[in-house]
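Read through the structure below, which is laid out as structure tokens, and then see the notes.
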Amino acid sequence: MASSSGIGNNDELTPLQKHVMFFDINKDGIIYPWETYQGFRKLGRSVFRSLLAAVLIHVVTSGKTRPGKWPSPLFPIEIKNIKFGKHGSDSDAYDSEGRFVPEKFEEIFKKYAHNNSESLTSEEVNELLKKNREPKDYFGWLNAMTDWRILFDVGKNKDGILTKEAVRDVYDGTLFEQKAREVAAKKSKEN
Ligand code: HEM
Ligand SMILES: [Ca+2]
């Protein structure tokens, strides 16, 4: 076997693992902060936002995905354990194993897609965030807010709304691949 720790080539990844695979640039099963940075840049995020996101995500998530109590100085995230990175005040569209829960996904749109049942506006995303809040779970609130506000920014269409399809595609990571292709195509046109 080429690499027993690498998890790039099998069909047994959970949707949550697929969500983060895009950021594992060299597909060795471990995401380092500079990989997350590169991933955000590929999505068209600024240097500043990409740096900030990489630092925050890795400081918060690395330890949860690694054995032992002490942080590793390079703050790696182990994809095989990404389910332990789950936090509170989320939509529960990922279950505790990192599997996708279609009913919870549908619930998002049933509850908050008031203007159009197939999409969310910025205000509807804010409403969703407020209603998902578990009491005093400030850390979860913050995490859910960054997940959803960045999703809105990265995933919104030209009319400034977030389609149901885009949200569906973030749960298995395909949104990131699509968006990165769009950004790359735009760049090569400019040059
Ligand atoms: C542009 C980049 C990203 C966007 C837009 C994004 C967006 C999201 C969204 C919308 C959710 C679902 C939250 C919910 O169901 O309420 C989520 C969940 C999650 N994301 Fe990301 N994400 C991004 C990058 C990352 C990265 C780099 C990591 C880690 C390496 C990560 C780890 C997770 C984890 C562990 C969850 C599960 C949280 C939970 O359900 O409690 N995400 N993300
Ligand atoms: Ca890697």
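For the stretch 100-109, the count of residues that are within 17 Å of the chain's Cα centre (by Cα), charged (D, E, K, R), away from ligand 2 (no atom under 16 Å from the Cβ) and part of a helix (DSSP H, G or I) is at least one. Does PHE75 satisfy being among the aromatic types (Phe, Trp, Tyr) and over 20 Å from GLY39 (Cβ atoms)? No, not satisfied. When each of ASP11, ASP28, ASP24 is tested for being over 29 Å from SER119 (Cβ atoms), modelled with pLDDT of 95 or more and more than 11 Å from ligand 1 (Cβ to nearest atom), the lone residue that passes is ASP28.
A count restricted to the stretch 134-152 and to residues that are closer than 16 Å to LEU43 by Cα and in contact (Cβ under 8 Å) with a residue 40 or more places away in the chain stands at 3.
Looking at SER50, SER91, SER96, just one residue is in contact with a Phe, Trp or Tyr (Cβ under 8 Å, 6 or more places away or on another chain), outside any helix (DSSP H, G or I) and modelled with pLDDT of 95 or more, and that residue is SER91.
Exactly one residue out of SER119, SER89 is among the hydroxyl-bearing types (Ser, Thr, Tyr) and either over 17 Å from the mean Cα position of the chain (by Cα) or exposed (fewer than 14 other Cβ atoms within 10 Å of the Cβ) (or both): that is SER119. If you go through the stretch 148-167 and keep only what is surrounded by fewer than 16 Cβ atoms within 10 Å (Cβ to Cβ) and farther than 13 Å from SER122 by Cα, you end up with LYS158, GLU165. Against the numbered list (1) under 14 Å from the mean Cα position of the chain (by Cα); (2) over 29 Å from LYS131 (Cα atoms), LYS80 comes up short only at (1). Filtered by the rule that a residue be within 13 Å of ligand 2 (Cβ to nearest atom), not acidic (Asp, Glu) and not in a helix (DSSP H, G or I), the stretch 14-47 gives PHE22, PHE23, ILE25, ASN26, LYS27, GLY29, ILE30, ILE31, TYR32.
Just one of the numbered conditions (1) of a type in the set (Gly, Ala, Ser); (2) out of contact with any Phe, Trp or Tyr (no Cβ under 8 Å at 6 or more places or on another chain); (3) surrounded by 19 or more Cβ atoms within 10 Å (Cβ to Cβ) is not true of GLY44: (3).
The values are calculated or read from the model by the stated rules, or taken from the named source; none is laboratory data. It should be emphasised that the depicted structure is a prediction, and the values quoted were computed from it without experimental measurement. FYI the Cβ positions are ideal-geometry reconstructions off the backbone, even for glycines, and counts take in every protein chain you see.
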